[in-house]
Amino acid sequence: MCPDKQLLSAYCDDEVPSPWKERLASHLEECEACRKTEGLYRSLGRALREVPSPAFDLEAASARLAARLARRKRGRLPLWKKRVSLPFTAAAAAALLIFGSGVGLCLAFRGGGEDAGGAAVSSRENLAAIKDMNELLEVLDRRGRAGEVFIKLPETGDFELKGNPVFLREAEFSGGGRR
């Protein structure tokens, strides 16, 4: 039985200890295939020993490094191409701050309904020209979100109550359908 290639390579490099070294030598005398493999390994070892090892020049290496650093300083990346590393808690806090600011701005521009004092926000346009409820609903539709609208009833008591009053939520009113 022939030895594996790793064992033959170790034998050619004189890395096999004494009892097995003699057994491999006797096997090589009898086996032609293993002798060819041993010859290839030995010629490869001689070729590798003949190649001169590169000498390390510290001055040349430091000059190459300095030139590389100088090129890197000249070619700085723009801010949007740089990598930013943040701890998870800092990134989560920043995301929460951005989200909260966005919600606050949306509420502020939407006309959130109440101001800081808690009083209702009202639009005090002069709607004196409106004669009936249908005109009022059309004006409110055109304006979008109205906030509070004050309706001044006539000072004379000569009007009649017809039907039952209906109170609508804003969502029901702005849905497009009127009652």
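The values are calculated or read from the model by the stated rules, or taken from the named source; none is laboratory data. Here the structure is a predicted model, which is why all the values come from computation and not from measurement. Don't worry about glycine lacking a Cβ; one is built from the backbone with ideal geometry, like all the others, and counts go over all protein chains shown.
See the values below:
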quantity: Pairs, first surrounded by 13 or more Cβ atoms within 10 Å (Cβ to Cβ) in segment 1-22, second small (Gly, Ala, Ser), C-beta under 7 Å, six or more apart; calculated: Cys12/Gly45; Val16/Ala10
quantity: Spans of helices (runs of 4 or more DSSP H) in segment 16-90 with at least 1 residues among the hydroxyl-bearing types (Ser, Thr, Tyr), touching a Leu at 6+ places or on another chain (Cβ under 8 Å) and under 14 Å from Pro3 (Cβ atoms); calculated: 32-50
quantity: Complete set of residues in segment 12-31 that are of a type in the set (Ser, Thr, Tyr) and either in contact with a Pro (Cβ under 8 Å, 6 or more places away or on another chain) or at pLDDT 90 or above (or both); calculated: Ser26
quantity: Pick from segment 26-35, criterion closer than 23 Å to Ala47 by Cβ and surrounded by 10 or more Cβ atoms within 10 Å (Cβ to Cβ), ranking: nearest to the chain's Cα centre (by Cα); calculated: Cys34
